[in-house]
Structures are given as C-alpha cells and as structure tokens.
Amino acid sequence: MDGIKLASDLTAADLRGKKVLVRVDLNLPLQDGEVSDDFRFQKTLPLLQFLLKQEAKIILLSHLGGAAGSLLPVSRWLQKFLPHVFVESFDAVAVERGLAEKPVVLLENLRRDRGEENNLSEFAERLAKFGDLYINEAFSVSHREHASVAALPKLLPHYVGPRFKQEYEQLSKAFTPEHPFIFILGGAKFTTKVPVLKKFMYLADQIFIHGALANAFFKELGYQTGTSLVDEQSDMARQFLKFEKIVLPVDVRVRRGTEVSIKKPDELNKEDEIIDVGVDSLEQLGEAVATAKFVLWNGPVGRFEFGFRGGTDAVAKIVAEAEAHSIIGGGDTLAAIRDLNLLDKFDFISTAGGAMLDFLAEGTLPGIEALKA
C-alpha cells in the first residue's frame, strides 16, 4: 500500500487526547433485533482497543442498510464489547457531550443524511469537524464512493487500519497466485461478476461457476431453466462460453413442487427449479481442488438464503481439507463455514462482499485511492 500511512505506526504521543474518526462496518445482520453474526466487528476490535490504550477518543462512523436503518440495536449489542455513547444526530455539540461522558461515541447510520451516499463535500466537512484524524478500517464498504469513505479522508490526516491492510495484502495474492489456481464463483447477480470474470479468465487455470450464476450460462446454452433464478441480463454470459476454463455444473439439484431430484442441466423442464449443485459436480470440483496450489472462493453454490445449503457446505469442506492456499469471501460463504466450525481452516477469510469482487477486478477501490491523497 505505497503512499498510505498505517494506523499501527501511530504512537501514544500521536494519539493521546486526540479525537479519531474511525470508519468501521457495523452493517451487521440482525435477527429479532439482535446481532446474529459479529465476525466482521471482531476483526475491527483490535484497532479500537489499541486506540483506547493510547488514550485516544473514538468517533465510530458506520451505516446500517439504507437511509431508514438505525444503528441503535447494534449500539445496544456493542455495549458489552465497547462501552460507548450513541449519538443520534450529526451534531458537534452532541458528539462533544458524548466524548465527555465516555471515550467512544457511535454516530447514527450515516446514510440518514443524503450527503453520505451522494458523497457531498458539505457532509464530509461536517464530519471532519468532529475529529483530529481519520482511520479507515472498513474495507468492506470502500468500493462505495461515499462521503465517509472517499471525501472525508482528504480533509484530515488519514491512515489505514490493520484489518484493511490485511484485506488488501491477502486479496492481492490472487494477482500472482501459485498454479494450479482454482477460482470458485457463486452467487446470483451475473452483472456484478462480469468484471472479475474478465480479469481472472487470464489468471486462473479453471473457473467453476455455481449457484444462480450458472443458470445464466444454462439459459445461453439453450437449456430449459424452468422457474430457476436467472439474472435478467443473462446474455452477458455469452461472451464467456468460448473459454474452456469455465467449468459449469454437470448435474444440479432441482425442486418440482415438493419433489426434489438431481438432473443434468439439459434435462430440466418448465416446472423445475434449480436449488443446488449436484453430487457429480461436487466430485468434479473436489478433484480439481485436491491438486490446486491456490483456491479463491466467493459466493454460495445453491439457494443458500432459502435453506438449500448442502452444496455450499460441501464446497466449504472440500476447500477446508485442501492443501492449497485458500482465500474465501462473501456473506453466505462466511455463514456456511461459521456454522460448520471451519473458521480456522482457511488461510484468509475476507470480511468483504462486493468490495472483494471490485478489488479483485480493479486492483484498487475508491477508499484506497482516497487514502493515497
């Protein structure tokens, strides 16, 4: 990360009594008003503990969903890890009052002000008045050209957090991998995957396409996809069909009413819905991963969000048992390995979703470029 200053290099003399704006990602999943997965936050906590040890004061900046979301439920949960004052308005007086009570304040969802998502300089300037310096520890949102990511760091001395740096360094290994290099790409939206597919078509030895992403290929091949989820712009898959590196499922698990069966992709009818990958496809993937030196995996291989997780769980076990250097990412991917107690079986687990794909495609992000300024 040439030209970017590291938060880990800051000393007690740099930080004591200073007000530090820290962009974090507390956009955590909630279930019945409670945080259901805190993996992303736990990777951020060491930086916050370091800052407190150096007697700095912390203003946490985050979002939660869109403009209607509130960080209040997250704030209640966060108290057990990090005692703080929750500040509901973007007001300097309220922030100062909070810091007088405790050394940490958490601001309400930044997206409640239109200046955040519109990257308005006025909003960034208002936030800059709250602190003395800025640290970005939210790699997962740094693909967004939002005020707290792209404009704010230019107004204050700025640094990159240790977890952000680790994301950058680990994901960068995919640009110069050992071979054979296997890329497993799942998920649903084909349009978001096109740039990374174009990039890795020339870097990977094989790209295994799974999940609803594969359905776009099946449609372009003229197969019946029935009631399966297919991206509206599935025709974008056409440009990749000529590449032998693309490996599609040879069988899929389908649902027809209450009946579930395994079929070959060209055997589907109008009533069938593809819900997961088949046994033969998993065996094919397992053979490739067993001889790989580097494996990159992003996205589930079935309709994970609807409970069809058998294929994704199987892929997690395949990659976990491999000797290859493994990097994985994506929200549902992470959920699968957490539930299987496999978190320590991979070389690196990215906390990013869309940012991971954008970085792999472009080699940089708006949040990275802002830190270079």
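The values are calculated or read from the model by the stated rules, or taken from the named source; none is laboratory data. Keep in mind the model is a prediction, meaning the values are calculated, not measured. Neighbour counts are summed over all protein chains in view; Cβ atoms, including those assigned to glycine, are modelled from backbone coordinates with ideal geometry. Side chains are part of the model used for accessible areas, which takes the heavy atoms of the whole protein and leaves out ligands, DNA and RNA. Shrake-Rupley method; radii C 1.70, N 1.55, O 1.52, S 1.80 Å.
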**OP:** Mind checking the per residue accessible area of the range 227-373 for me, 1.4 Å probe, whole number of Å²?
**Re:** 45
Subject >> Per-residue ³J(HN,Hα) for the range 139-149, Karplus 6.51 cos²θ - 1.76 cosθ + 1.60, θ = phi - 60°, Hz, x for Gly and Pro >> reply: 4, 5, 10, 7, 8, 8, 8, 9, 4, 6, 9
Original post:
For the range 292-373, what D do you get in µm² per second when you plug the Kirkwood radius from alpha-carbon pairs into Stokes-Einstein at 4 °C and 1.567 mPa s?
Top reply: 96
**OP:** Report the net charge of residues surrounding Glu55, where surrounding means a beta-carbon distance below 12 angstrom and charges are Lys +1, Arg +1, Asp -1, Glu -1.
**Re:** +4
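Assigning unit charges at the beta carbon (Lys, Arg +1; Asp, Glu -1) and nothing else, what dipole magnitude in debye, to the nearest 20, does the range 88-157 show about its Cα centre?
So the magnitude is around 80 debye.
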**OP:** Take the alpha-carbon centre of the range 202-254, take the same for the range 77-123, and report the distance between them in whole Å.
**Re:** 44
Subject >> Low-density loop cleavage sites - GluC sites (Glu not before Pro) in the range 153-196, where at most 11 other Cβ are within 10 Å (DSSP) >> reply: Glu178
Subject >> Taking N as its residue count, the alpha carbon Rg of the range 1-58 over 2.2 N^0.38 Å >> reply: 1.38
Original post:
Roughly speaking, what is the centre-to-centre gap between the range 124-146 and the range 336-360 when only Cα atoms are used, to the nearest Å?
Top reply: 24
Original post:
From Cα coordinates alone, what are the radius of gyration and Dmax values for the range 185-268 in angstrom?
Top reply: 12.8, 42
Original post:
For the range 214-316, which trypsin sites (Lys or Arg not before Pro) are in a loop by DSSP, counting at most 13 other Cβ atoms within 10 Å?
Top reply: Lys242, Lys270
Subject >> Alpha carbon centroid spacing (whole Å) that separates the range 21-76 from the range 278-303 >> reply: 33
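Of all the C-alpha pairs in the range 118-161, what % are more than 17 Å from each other?
Tail fraction, whole percent: 24.
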**OP:** About the Cα centre of the range 221-335, how large is the charge dipole given +1 on each Lys and Arg Cβ and -1 on each Asp and Glu Cβ? Please answer in debye to the nearest 20.
**Re:** 140
Subject >> Cα-Cα P(r), the chain, percent of pairs per 20 Å interval >> reply: 28, 51, 20, 1
Original post:
Just the accessible area per residue of the range 35-144, please: how many Å² with a 1.4 Å probe?
Top reply: 42
**OP:** Mind computing the radius of gyration and Dmax over the alpha-carbon atoms of the range 69-120? Å is fine for both.
**Re:** 11.7, 34
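Give me the orientation-averaged projected area of the Cα convex hull of the range 161-300, in nm², one decimal. Please list the in-between numbers first.
On the way: hull surface 37.2 nm².
For the Cα atoms of the range 161-300, the hull's average projected area reads 9.3 nm².
Contour minus end-to-end for Lys270 and Asp2, with contour as 0.36 nm per residue of separation and end-to-end as the Cα-Cα distance?
Difference between extended and current length: 91.1 nm.
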Original post:
Got a number for carbon plus sulfur as a percent of the range 236-373's accessible area, 1.4 Å probe?
Top reply: 48
Subject >> Spin-label model distance (nm) - Lys263 vs Lys245, 7 Å beyond Cα toward Cβ >> reply: 3.2
Subject >> Structure-based [θ]222 nm, the chain - -39500 (n - 2.57) summed over DSSP H runs of at least 4, per residue, nearest 500 >> reply: -9500 deg cm²/dmol
Original post:
So which lysines can Lys102 reach, going by Cα to Cα under 30 Å and dropping same-chain residues fewer than 8 places off?
Top reply: Lys5, Lys18, Lys19, Lys43, Lys53, Lys57, Lys80, Lys129, Lys154, Lys165
Original post:
So, by mean Cβ neighbours within 10 angstrom, what's the order for 187-194, 314-321 with the highest one leading?
Top reply: 314-321, 187-194
